[in-house]
Amino acid sequence: MGRVSKPNGRSPDLRAREAYDCWGDGRVRTLQADLPIRYEWAFYGGDRPYWQLGALESLYNGGIRQADAVLEHALKSLRSRGELDETLVVVCGDHGDGFGEPGRVPNEPPAVSHVLPRHEELLHVHLVVRPPGGATGERVDELAALTRFPAVARAHARGDSPLCGFTVDRALALKQPVTADLRKRFERRCDPVEAYLEPSRAGYENAPNTSGAVRKHSYWGDRRVTTLVHAPGVVEHHEPVEPETVDRSFRDGDDGRDSVREPLAGRQPDADVEAQLAALGYY
């Protein structure tokens, strides 16, 4: 199994800027260069206005254009070697990024980068699948989750066609408690800081009687909301449920498939790995 990963999609690589950066300009590149790798505190702490994030989005467009070119090269290489029809191709993202979009839950911070909020801009990512042998093309509007990837890959390795692919009955998302160094950074930069430290969870399910929509129950601290997500950016508000209803979903996973894994003692990143992750903006 091979993997092509572009870990920093915030802008085209410097050597590829001329070919792919069709939307940014010198002012935007200077803005990005002046920001630290972890720049969310510059905005949450009030040092930078949120509107500047919209300028950074133009650089992301160039990063997407470069990622498309990398994918095109990979698929052409597989086809030229006669291996494409023997390959399961999955194109996905691990998360989206925020450019100052407001939260759906009262007191939820705007979406900046990809650390805190439970915004759709962060959780609703692309997923394109080409099975071995190809397919006629089908758009799936049901709830899907990348957690299905191991089961789908194993099924194809056995020569089986997975019955449900990446679709699921429900999906869960949570913000782990902000602790240790991350909490200290928020406390140093944000006043008041309470909104950034609130517990938050979200549960998704296919919306009954509403074709192509997904229902999301979520809370941020003691505020809660229920929404119908019809498409990216098309969200309809409904009567919220109690936080206990959302929490119950995290406890009632069937066969452990939906259970939330807690960090295990002795299996945390060592100092070298943390340094590498910090260079990519994850610490």
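The values are calculated or read from the model by the stated rules, or taken from the named source; none is laboratory data. Note that the structure is a prediction, hence the values are computed from the model and not measured. Here the Cβ positions follow ideal geometry from the backbone for every residue, glycine too, while neighbour counts run over all protein chains shown.
Here are a few things to note about the model shown:
- Look at segment 57-83: where a residue is closer than 27 Å to Gly133 by Cα and a partner is among the hydrophobic types (A, V, I, L, M, F, W, C) and buried (at least 16 other Cβ atoms within 10 Å of the Cβ), sitting 6+ places away or on another chain with Cβ atoms under 7 Å, you get Gln66/Ala16; Leu75/Leu84; Leu78/Leu84.
- Inter-residue pairs, beta-carbon under 8 Å, first more than 19 Å from Asp222 (Cβ to Cβ) and in segment 97-113, second part of a loop (DSSP other than H, G, I, E, B) and of a type in the set (D, E, K, R), 6+ apart: Asp97/Arg10; Pro110/Glu101; Ala111/Asp97; Ala111/Glu101; Ser113/Arg38; Ser113/Asp97
- Tabulated pairs, segment 262-279, first under 25 Å from Ala173 (Cα atoms) and surrounded by 10 or more Cβ atoms within 10 Å (Cβ to Cβ), second modelled with pLDDT of 70 or more and β-branched (Val, Ile, Thr), C-beta under 8 angstrom, 6+ apart or interchain: Ala278/Ile37
- Scanning segment 147-175 for residues that are surrounded by 12 or more Cβ atoms within 10 Å (Cβ to Cβ), farther than 17 Å from His119 by Cα and among the aliphatic types (A, V, I, L, M) yields a total of 5.
- In summary, Val128 fulfils each of the numbered conditions (1) surrounded by 12 or more Cβ atoms within 10 Å (Cβ to Cβ); (2) under 17 Å from the mean Cα position of the chain (by Cα) with the single exception of condition (1).
- Flag set for Val178, criterion: surrounded by 11 or more Cβ atoms within 10 Å (Cβ to Cβ), out of contact with any strand residue (DSSP E or B) (no Cβ under 6 Å at 6 or more places or on another chain), farther than 18 Å from Cys92 by Cβ and in contact (Cβ under 8 Å) with a residue 12 or more places away in the chain.
- When restricted to residues that are surrounded by 15 or more Cβ atoms within 10 Å (Cβ to Cβ) and either under 30 Å from Gly45 (Cα atoms) or in contact with a His (Cβ under 6 Å, 6 or more places away or on another chain) (or both), segment 189-227 contains 24.
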